[in-house]
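Before any comments, here is the structure.
Nothing in this text is a laboratory measurement; each read-out follows from the coordinates by a stated rule. Owing to the predicted nature of the structure, the values given are computational and were not obtained by experimental measurement. For neighbour counting, all protein chains shown are included, and Cβ atoms are generated from backbone atoms with ideal geometry for every residue, glycine included.
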Amino acid sequence: MSPGARGRVHRPPGRHGRARHGRAGRRVAGLLLLAAGPVLVLGVLFVLPVTGMIAEGFWVDGRFAPGAVLEVLSRPRVHRVAWFTVWTSGVATLLAVVLGLPAAYALHRLALPGRSAVRAALLVPFVLPTVVVGVAFRQLLGEGGPLGFLGLDGTPVAILCGLVFFNVAVVVRTVGVAWESLDSRPGQAAAALGASPWQVLRTVTLPALRPAIVGAASIVFLFCATAFGIVLTLGGVRYATVETEIYLLTTTIFDLQAAAALSVLQIVVVLVLLAVAARLRATPDPTAQRVVAPARVVRRSDAPVVLATVLVLAAMLLPILTLVLGSLSVGDGWGLDNYRALTTAGDDQALLVPVTTALATSLRTAVDATWMALLVGVTVSVLVTRRSHSAAERRLRSGLDGFFMLPLGVSAVTLGFGFLITLDEPPLDLRDSPLLVPMAQALVALPLVVRTLTPVLGGVDDRQRQAAASLGASAWRTFVTVDLPVAWKPMLAAGGFAFAASLGEFGATSFLARDTSPTLPVVIFRLIGHPGEMNYGMALAASVVLATVTALVMLAVERLRVPGVGAF
Amino acid sequence: MVHVHVRAALASPVTALVAALALTGCSLTGGGDGPTATEPPASSETSSGASQEGGTVVLATHESFHLPKRLVRSFEAETGYTLEVRAAGDAGTLATKLSLTADNPIADAAFGIDNTFASRPLGEGAFAEVETTATPPEEYLLPEGSDRLVPVDSASVCVNVDTAWFEAEGLEPPQTLDDLVDPAYADLMVTPGASTSSPGMAFFLATVAAYGEDWQDYWSDLLANGVKVVDGWEDAYYGDFTAGADNGTRPIVVSYDSSPAFTVSGGRSTTAALLDTCFRQVEYAGVLEGADNPAGAEALVDWMLSDEVQSALPESMYVFPVMPDAEIPADWAEFAPQPTDPYEVSPEEIAANREQWLTEWTDVVSR
């Protein structure tokens, strides 16, 4: 992943030029072979549907007519929408990184009491349906809410708050995992040589964390740029982003030319962003990160970091608290009635299935999505972090890395309709497959897995692998003995991340899910879509159940340990 | 030491992998639906033989579709077909799906296309002609395409008021669209947006029907009178409406004619729908052109007009049945009267103007 730098590390001038050449050829061939699986998966499930849907806009009545599409790109409204998307996503990303870094440090490097519980709880916003969070936010910020005096309801500031709320966890987790496996000795050495803590942070720690920070930031940006529900709910109808505009154009207005134009614009922006991110991610000095640093006892000097973390957590807790209180409110008093109502389907209730059934469906789907995302994600991470031996190989790996980030940045609407019109003939008649939902969710979770793993795998000193190889270890054995001990915990973290993303995923699920087995977010959406105090209360209660289960699963995953490896 | 670590590292991921695969095995099969996983009807012996004969009939619909399992089982037992429901997305999404896949349909039948979206799939040739045993009332039929799309239910979007709030304030609630721009009701109303919400669109269409070319002026007045435009119905009802939200501040909301049946307390409803402000949405069912099982699809459409399904509609989908003999829940009959003369805009006019209207409407509300 930081091939430029690693390529420079002690490459002895080869005397056996030809032999090396043959080996390089074999390496590239091997690389291509290993990459074939994931690339094929992404090609079928992503590239084919998206191009198919965009082509609908370019071909009018069977004739190639790009004029209409290009005309759309010159509309002032399109410029406004594009600019609004870019600036809100940019600011939200910056805020998420600034607020997330102290928390990443505090929760992953300091021995704070209850930190694993807090880390698990941080993923809760991730699984909460946006409609529910949107309503919770508006109960806080709305005209009659406790924070109503701020006058934020329906402003871009409210949108930014919502985006940050959903995405801080990405920064904390991605950067935190990298921070945890960061060798603390260079920092200590610098400190011993007289560097102030600020200097250590600026000159040693942050540069080493750069791949993780840039990776997290690019994910957050893509999430923000394709955010849908939260923009509409918190911003009202006044603000449109590229994503909401594509939805409007495709489903309400059925102007496929305009939708195609915006999809193309979106893809171009995402490609530019990924290229910039790839450049920024390259570490100047890949340090050996084999040592997993033990969590440090909290000192007085940690007060600012801890305070910042507590503040961020408190701010995130507010909307969740509103939610929990709402779920416990019954008439004029308090009670568990909303929760009790969840256990039966009921005759006159909007609930389709008991919430336990929906939860089971959600969990099953999430398990499928998680193994799919991990299987492809680990392969991709290994591929892109192995040392490159030539410029072509380097470009190939870097290109692959960006390729697998694409699904995050492209409209779910375009992808969803694309599925229907391209995967409809044998041998690719997938549109009726029950696996389509977990596959779509895995596509969303895949970049999370890759971005969590690559900074860690990229930090492994390649000399260790060379040593293993020279002692006769196979590629698999090298992976198991060198990479796995370091990557094991991050792999768990990535798996948990994918699991949470799948549990909370609503866009693709609601587009593809079938009535016979609704997932929990689909049930919640249905509840909150109908009048009646009970329906609203039950939607909140079901959200709390979803959040609690997620937090518990995350906690259990965090506690999984490999004896002797990565334990501390 | 190193060896021990290595073995541990090797063993655990393998165990984990096996465990994951085991779980997955469960989930791949357990999570699958489709014909194999569909619960066989209660009298499985006779009907499983029958379903092989009749085959599966696939229904494409939106995510609000729901009917009691009991009814579905009796349909399967009576006809010998196995019903597979594919419900996803909203009405606009469904219309787009059917239009895009007109040459290779995603199902045999479709339900949930409403009068605001009907002309798009009809224009793309997505629906085949259909004949039903029951005859739905004339008033719900489409002006064009009534041989293809069969009306099943209707729900009118009306302005709702929190009567309890108005009583407490000693203020007479508004009655008509004209009243809503009266300064007496300044800052009291909230509506979902026409561009983002289906009831929002319906309310907009009511204003188009009422004011014709002058609708922009009406909306300017409405906005000048402090109407709040939000994203979706749930934002308006549960975020701002005094009778729906804990700390809502607006006692006038755009909702449905059936909504007052859900705010009943102590023998009376605390809200009311203004019946002179309504736009009626009718939902249709039809057989898809090129369906694998057209006979099954026609049986399904027929069934949707049957007494039992029609009577189940209010509690299952929060809509009124179109057949006059269907039963209506007591709360609905008492507290949710339907409008007798709702505003109308033809599907063709909607289709021809939708984009321009929405662009102009967005300009007006963003001003």
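What to note about this one:
- Reported value for region A:420-568: 158 Å³ per residue, from the convex hull of its C-alpha atoms.
- In a DSSP loop and with at most 13 other Cβ atoms within 10 Å, there are no trypsin sites (Lys or Arg not before Pro) in region A:90-161.
- Close amide H partners of B:Thr82, meaning residues 5 or more places away or on another chain with modelled amide H under 5 Å apart, are B:Gly55, B:Thr56, B:Val57.
- Mean Cβ count within 10 Å, highest first, over the residues of peptides A:457-468, A:46-57, B:150-161: B:150-161, A:46-57, A:457-468
- Across the protein assembly as shown, counting alpha-carbon atoms alone, Rg and Dmax equal 28.9, 97 Å.
- Ranked by the mean number of other Cβ atoms within 10 Å of their residues, highest first, the peptides A:207-215, A:385-393 come out as A:207-215, A:385-393.
- All distinct Cα pairs of region A:366-418 go into the 1/r average, and the inverse of that average, the Kirkwood radius, is 12.8 Å.
- Distant-in-sequence amide contacts of B:Tyr256, defined by a placed amide H-H separation under 5 Å and a gap of 5 or more residues or a different chain, comprise B:Cys158.
- Within 10 Å of each Cβ in B:98-105, the average number of Cβ atoms from other chains: 3
- Fraction in percent of alpha-carbon pairs per bin - 10 Å, chain B: 5, 21, 27, 21, 13, 7, 4, 2, 0
- Taking θ as phi - 60° and the Karplus parameters 6.51, -1.76 and 1.60, the scalar couplings of region B:72-82 work out to 4, 4, 6, 4, 5, 5, 6, 9, x, 8, 9 Hz in sequence order, x denoting glycine and proline.
- Residue-wise HN-Hα couplings along region B:199-212, as the Karplus relation 6.51 cos²θ - 1.76 cosθ + 1.60 with θ = phi - 60° gives them from phi, are x, x, 5, 5, 5, 4, 5, 4, 5, 5, 5, 6, 10, x Hz; Gly and Pro carry x.
- Averaged over peptide A:223-233, the number of partner chain Cβ atoms lying within 10 Å of each residue's Cβ comes to 2.
- Descending principal axes extents, region A:34-559, alpha-carbon based, whole Å: 67, 64, 43
- Gyration tensor (Cα) of region A:171-269, equivalent ellipsoid semi-axes in angstrom: 44, 13, 10
- Helical contribution to [θ] at 222 nm, DSSP H n ≥ 4, -39,500 (n - 2.57), averaged over chain A, rounded to 500: -22000 deg cm²/dmol
- Taking Cβ atoms as reference points and 14 Å as the exclusive limit, the residues near A:Ile219 contribute a net charge of +2, counting Lys and Arg as +1 and Asp and Glu as -1.
- Dipole axis of the protein assembly as shown (+1 Lys, Arg; -1 Asp, Glu on Cβ), positive-most option in A:Ala191, A:Gly496, A:Thr226: A:Ala191
- Counted by neighbouring Cβ atoms within 10 Å, the residues B:Ser197, A:Ser433, A:Ser398 run from fewest to most as A:Ser433, A:Ser398, B:Ser197.
- With the helix formula -39500 (n - 2.57) applied to DSSP H stretches of n ≥ 4, chain B reaches a computed 222 nm mean residue ellipticity of -12500 deg cm²/dmol.
- A straight line joining the Cα centroids of region A:350-426 and region B:92-138 runs 33 Å.
- By the beta-carbon count within 10 Å of each Cβ, the least crowded to most crowded order of A:Trp198, B:Trp233, fewest first, is A:Trp198, B:Trp233.
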